[in-house]
Amino acid sequence: MPDLTPNLRDIGGRPTTDGRTVATGRVLRSAVPHADDHGPDGHDWPPALVIDLRSPSESRAGHPLEAAGSRVVNVPLLAALRPGVAPAESLTMLYRIVLDDAAHELVRLVDEVSRETGTVLIHCAAGKDRTGIAVALLLRLVGVPRDEVLHDYRLTEHALVEIDRRLRPPTSAPASAAPGHTYPPGFAHVSPEAIDAVLDVWDEHPAGVEGWFVEVGGTSASLDQLRRTLLA
């Protein structure tokens, strides 16, 4: 029987500060999918659009859902990331690298999500860090309160065993056959402090998260379209 992709969940259902709700069936988040995975019950699968946040060194063989008919867009949030090599001393520093070096890619992600009329899947390797930042931005831009964003992020705590199983190469595979863990030991945990630091950057901007988004290259038109796309 096909597996359910680890850490797969719908970001819909969360309330916004103006009394609306994020629509279900619009955006899913997960760890890296396999070609024979199945989607969550009641959702279109394969998704119409897959946004892969991994770096080129992590996805050497092409995307497993492309052959199934998904449109795949690579939006690398850590382009220099190499499997097993820590690019920072902590997850908090890693998340700040994403904001400092890949803000333009986050803008591109928002644009892609805002224009897609079908289901979107956003993933990296674990669906934890890069995916966590990307989803946090989407939710904050449509008005989801900070505590709700943090709650969504922390749900990954329940999927760590399945994520580890997905990322670990088979014991019989040669060293070159699979990239193995994306992060060294010590990075394979959920860090509320790290995502809080990201939320602080957005909240402390004089014009809030919307102002930060526009400052790094986003547009008001894209924000308006994102709200039309994601809000029920």
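Residues to consider are R108, R168; find the one that is over 15 Å from the mean Cα position of the chain (by Cα) and either surrounded by fewer than 21 Cβ atoms within 10 Å (Cβ to Cβ) or of a type in the set (G, A, S) (or both).
R168
Look through the range 80-118, keep the residues that are among the polar types (S, T, N, Q) and farther than 22 Å from P47 by Cβ, and return whichever of them is modelled with the highest pLDDT.
It comes out as T92.
Which members of the range 174-212 meet the condition of being modelled with pLDDT of 95 or more, in contact with a Phe, Trp or Tyr (Cβ under 8 Å, 6 or more places away or on another chain) and among the hydrophobic types (A, V, I, L, M, F, W, C)?
If the condition is that a residue be modelled with pLDDT of 95 or more, in contact with a Phe, Trp or Tyr (Cβ under 8 Å, 6 or more places away or on another chain) and among the hydrophobic types (A, V, I, L, M, F, W, C), then A194, I195, A197, V198, V201, W202, V209, W212 are the ones that fit.
If you check L150, L137, L155, which single one turns out to be aliphatic (A, V, I, L, M), within 12 Å of the chain's Cα centre (by Cα) and at pLDDT 95 or above?
Step by step, each of L150, L137, L155 is checked, and only L137 is aliphatic (A, V, I, L, M), within 12 Å of the chain's Cα centre (by Cα) and at pLDDT 95 or above.
Test L121 against the stated conditions and say whether it is closer than 17 Å to V32 by Cβ, buried (at least 21 other Cβ atoms within 10 Å of the Cβ) and at pLDDT 95 or above. Talk me through it step by step, then tell me what you get.
Working: closer than 17 Å to V32 by Cβ: yes; buried (at least 21 other Cβ atoms within 10 Å of the Cβ): yes; at pLDDT 95 or above: yes.
For L121, the condition - closer than 17 Å to V32 by Cβ, buried (at least 21 other Cβ atoms within 10 Å of the Cβ) and at pLDDT 95 or above - is met.
Which of the numbered conditions does R26 fail, given that it passes all the others? Conditions: (1) within 18 Å of the chain's Cα centre (by Cα); (2) over 16 Å from L139 (Cβ atoms).
Among (1) within 18 Å of the chain's Cα centre (by Cα); (2) over 16 Å from L139 (Cβ atoms), the lone unmet condition for R26 is (2).
Quick one: in the range 210-223, which of the residues that are under 19 Å from the mean Cα position of the chain (by Cα) and of a type in the set (G, A, S) is surrounded by the most Cβ atoms within 10 Å (Cβ to Cβ)?
Per the criteria, the residue is G218.
Somewhere in the range 68-79, is a residue at pLDDT below 90, farther than 19 Å from V209 by Cβ and under 18 Å from the mean Cα position of the chain (by Cα)?
yes
Restricting the range 1-19 to residues that are surrounded by 15 or more Cβ atoms within 10 Å (Cβ to Cβ) and among the polar types (S, T, N, Q), which is nearest to A134 (Cα to Cα)?
The selected residue is N7.
Filter the range 185-209 for residues that are in a helix (DSSP H, G or I) and more than 19 Å from the chain's Cα centre (by Cα) and give the result.
D203, G208
The values are calculated or read from the model by the stated rules, or taken from the named source; none is laboratory data. This is a predicted model, so every value here is computed, not measured. All Cβ positions, glycine included, derive from the backbone under ideal geometry; neighbour counts span all protein chains shown.
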